[in-house]
Amino acid sequence: VKPPEPEARAALSPQEEEGQEAVPDRMPRHERVAASYGMRLMWLARGTRPDLSVAVQRVSRHFQSWERRHDQILHRVMRYLKQTTSIGILMQGCAAELPGVIIGLWPDANFAVEKEVARSTSGHIATLESPNSWVLLEWAAKQQTSTARHTAEAEPTSLDAAMYLTGLPVQGTVETIL
């Protein structure tokens with residue numbers, strides 16, 4: 001690294017070391033890198049790691065206005081991913097149980113956890129279940145579009161999203177297949 005010019009040294013803040021460029025709070029160049037990591041995380045969360053869904057949803061909404069504090073959030077998600085490489089989806093099933101299979105839809109919501117946006121997050125999973133089998137079909141986590149005033153308002157919103165975005169399409173698909 002080339003040392004800074006004398007006039008540039010005067011502009012450095014006390015926290016910055018000589019020989020390093022000052023990095024602004026808003027980092028457009030980093031937005032592309034963060035979005036690249038974010039897309040990879042989205043692929044994992046969508047296809048093999050439902051445990052990442054909420055974290056990826058929270059990180060991805062900052063791609064267009066990336067700041068230093070978002071680097072810390074992304075770094076925390078990547079550390080979690082590194083420490084949990086053995087986690088994945090295990091699907092078990094028995095063809096003899098197909099006639100007794102039912103669709104399970106499990107919605108949930110958290111009530112305005114994040115202070116920044118004051119909105120709740122909806123999440124759900126859809127499963128195929130029988131007495132000895134359980135197969136995860138789909139999962140999702142998404143920030144609600146309206147602001148709930150209390151938990152009793154956030155939960156039905158989550159149920160509505162789960163039913164119309166996942167439940168009904170899965171039901172039609174399963175009925176066609178079976």
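Some points to look at:
- Label-to-label distance for residue 118 and residue 174 is 3.9 nm, based on points extended 7 Å past Cα in the beta-carbon direction.
- Simple Cβ-charge dipole of region 129-178, Lys/Arg +1 and Asp/Glu -1, about Cα centre, in debye nearest 20: 160
- As a calculated quantity, the FRET efficiency between residue 129 and residue 86 at R0 = 35 Å, using C-beta atoms, amounts to about 0.90.
- When 49, 58, 69, 76 are compared by accessible surface with a 1.4 Å probe, the order from highest to lowest is 76, 69, 58, 49.
- Averaging Cα coordinates gives a centre for region 132-178 and one for region 41-84; these two points are 22 Å apart.
- Shape class of region 46-169 from the alpha-carbon gyration tensor: oblate, with a/c at 1.5 or above and b/c at least as large as a/b.
- In this structure the amide hydrogen of residue 110, modeled in the peptide plane, comes within under 5 Å of the amide hydrogens of 121, none closer than 5 places in sequence on its chain.
- ³J(HN,Hα) computed for each position of region 120-131 - Karplus, 6.51 cos²θ - 1.76 cosθ + 1.60, integer Hz, glycine/proline x: 7, 10, 9, x, 7, 10, 10, 10, 10, 10, 9, x
- Distant-in-sequence amide H partners of residue 104 (H built 1.01 Å from N, under 5 Å): 127, 128, 129
- Volume per residue for region 101-178 equals 85 cubic angstrom (convex hull of Cα atoms).
- Scalar couplings 3J(HN,Hα) for region 171-178, obtained by applying the Karplus form with A = 6.51, B = -1.76, C = 1.60 to θ = phi - 60°, are 4, x, 5, 5, 5, 5, 6, 7 Hz; x denotes Gly and Pro.
- Note on region 49-178: with neighbouring protein chains present and a 1.4 Å probe, carbon and sulfur make up 58 percent of its accessible heavy-atom surface.
The values are calculated or read from the model by the stated rules, or taken from the named source; none is laboratory data. Bear in mind the structure is a predicted one, so any value in this text is a computation, not a measurement. Every residue, glycine among them, receives a Cβ derived from its backbone with ideal geometry; neighbour counts consider all protein chains shown. Protein only, heavy atoms only, side chains kept; ligands, DNA and RNA dropped before computing areas. Shrake-Rupley method; radii C 1.70, N 1.55, O 1.52, S 1.80 Å.
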